[in-house]
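Beneath this line is the structure, given in structure tokens, with notes to follow.
Readers should treat all values here as calculations from the given coordinates under stated rules, not as data from a laboratory. Model, not experiment: these values are computed from the prediction. Please note: Cβ atoms are built from the backbone with ideal geometry, for glycine as well, and neighbour counts cover all protein chains shown.
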Amino acid sequence: MRKAIGYLWAAPWTLAGAGLAGLVWMTGGQVGFRNGLIEAAGGALLRRLFPHLGPGGIVAITMGHSVLAVDAGALATTRNHERVHVGQFERWGLLFPVAYCLASLAAAAGGGHYYRDNRFEREARARAG
């Protein structure tokens, strides 16, 4: 029951990620399902978009139960880390992106790095190994 509630709570973001996964597939990327998640990698869309997200670009992002990565190698490398973010979406649901941004602001305001010291990123690094 708890897992079902987590899926429902994260569903709006999962649907948004699924829509992007469809665009990944239409631009030449690969889309599949693994352990209850939608995984999308590569394609012209992500190769063009991801280098421009954030100050240094990104290689992967989680949206609910959808994980998008710039290529298959990045998907494999970040899989455990992104799975932790899936759990965070299950706990925070629609509010997770807001909580994530607030955690980045709090980290920076406290003299830390907006990404490395974000509490959600610290948790993902610790739990992913």
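Sort Ile61, Ile5 so that the residue with the fewest other Cβ atoms within 10 Å of its own Cβ comes first and the one with the most comes last. Please report the intermediate quantities before stating the final value.
Values: Ile61 20, Ile5 11.
Ranking Ile61, Ile5 by Cβ neighbours within 10 Å, fewest first, gives Ile5, Ile61.
Mind checking the dipole of the chain: about its Cα centre, +1 per Lys or Arg Cβ, -1 per Asp or Glu Cβ, Debye to the nearest 20?
In debye, rounded to 20, the chain gives about 220.
Under 4 °C and 1.567 mPa s, how fast does the chain diffuse according to Stokes-Einstein, given a Kirkwood radius computed over C-alpha pairs? Answer in µm²/s, whole number.
The estimated diffusion coefficient comes to 87 µm²/s.
Cβ under 15 Å from Lys3's Cβ, Lys3 left aside: what net charge do those residues give with Lys, Arg +1 and Asp, Glu -1? Spell out each step's value before the answer.
On the way: positive: Arg2, Arg83, Arg91; negative: Glu90.
Charge balance in the 15 Å sphere: +2.
Going by average Cβ density within 10 Å per residue, which order do the peptides 120-127, 47-54 take, highest to lowest? Write out the running numbers ahead of the final one.
On the way: 120-127: 15.2, 47-54: 13.4.
Order by mean packing, descending: 120-127, 47-54.
Which percent, to the nearest 5, of DSSP beta bridges fully inside the chain are antiparallel?
Details: 9 of 13 bridges.
The antiparallel fraction comes to roughly 70 percent.
Among Val59, Ser104, Gly87, flag the residue with its Cα farthest along the positive direction of the charge dipole of the chain, charges on Cβ as +1 for Lys/Arg and -1 for Asp/Glu.
Farthest towards the positive pole: Gly87.
Give me Val24, Val86 sorted ascending by neighbouring Cβ count inside 10 Å, so fewest comes first. All intermediate terms of the calculation are to be shown ahead of the outcome.
Values: Val24 26, Val86 21.
So the residues, fewest neighbours to most, are Val86, Val24.
Out of Asn118, Asn35, Asn80, any idea which swings most in a Gaussian network model of the chain, alpha carbons joined below 10 Å?
Residue with maximal mean-square fluctuation among Asn118, Asn35, Asn80: Asn35.
Any idea what the relative contact order of the chain is, in percent, if you count C-alpha pairs under 8 Å spaced at least 6 apart?
Working: 203 pairs, mean separation 29.3, N = 129.
Result for the chain is 23 percent.
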